[in-house]
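A quick write-up on the structure given underneath.
The values are calculated or read from the model by the stated rules, or taken from the named source; none is laboratory data. Predicted model, so just to flag it, every value in this text is computed and none were measured. Counting neighbours? That spans all protein chains shown, and the Cβs are built from the backbone with ideal geometry, glycine included.
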Amino acid sequence: MSRSLALTPEQQSGKASFKALVKSFGGQDAAAEETGVRRQKISDMGLANVAESPTLDLIDALEARTVGMPGWPHVTSWLCRRRGGVFVPLPQGDDDADGMMLTVAELAGELGDVSRAVSEAVASTGDGGRDVTEQEALAALRELDGLDRTSAQLRLKLTAKLKGANA
């Protein structure tokens, strides 16, 4: 039986990331059916006032099946942010000219997303007028995470070329 208690804001944030993962997977019923974990237990794991936490195996199983969904990997990204970092998947695509140009195009798109989020936040017509609200800051930070991931992928591809040239 789960016990109710007051969790720290960081713990509540972690539970929110798990709840988002379950939603991305298709909801509590789908997660329960796929993993064999009771629906009520999955529900408790996402509640901000219940001490029940998901296991690493459960997180891994759900994140493995939500690759490419918005917010993926939900809990892993939350852990990375807690440690002052950002989740960076291994480079996708080739490290040849076409692969690098594709990554540069993705980088340009990510920069556009960041610019749009910041512009909307500081626009006088925004939620807080010219003052950036917490939600606007969070939205811009999410876009920056995407920019960081894509930049890191390009950096890894270019570094691999340097290592190959020095081999």
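For this structure, a couple of remarks:
- Flag for residue 50 being β-branched (Val, Ile, Thr) and either surrounded by fewer than 17 Cβ atoms within 10 Å (Cβ to Cβ) or in contact with a Lys or Arg (Cβ under 9 Å, 6 or more places away or on another chain) (or both): yes
- Options 129, 112: the member that is among the small types (Gly, Ala, Ser) and either part of a helix (DSSP H, G or I) or closer than 24 Å to residue 63 by Cα (or both): 112
- Single condition residue 64 does not satisfy, out of (1) within 28 Å of residue 7 (Cα to Cα); (2) touching a residue at least 40 places away in the same chain (Cβ under 8 Å): (2)
- Residue, nearest to residue 16 (Cα to Cα), within the range 53-85, restricted to residues that are of a type in the set (A, V, I, L, M) and surrounded by fewer than 17 Cβ atoms within 10 Å (Cβ to Cβ): 79
- Residues satisfying the stated conditions in the range 89-101, i.e. surrounded by 15 or more Cβ atoms within 10 Å (Cβ to Cβ) and at pLDDT 85 or above: 100
- Residue, farthest from residue 27 (Cα to Cα), within the range 80-113, restricted to residues that are touching a helix residue (DSSP H, G or I) at 6+ places or on another chain (Cβ under 8 Å) and among the aliphatic types (A, V, I, L, M): 100
- Residue in the range 125-148 that is of a type in the set (A, V, I, L, M) and either modelled with pLDDT under 85 or at positive phi (or both) present: no
- Residue tally, condition modelled with pLDDT of 95 or more, among the polar types (S, T, N, Q) and out of contact with any Leu (no Cβ under 7 Å at 6 or more places or on another chain), over the range 1-51: 5
- Single condition residue 119 does not satisfy, out of (1) more than 23 Å from residue 155 (Cβ to Cβ); (2) surrounded by 12 or more Cβ atoms within 10 Å (Cβ to Cβ); (3) modelled with pLDDT of 80 or more: (2)
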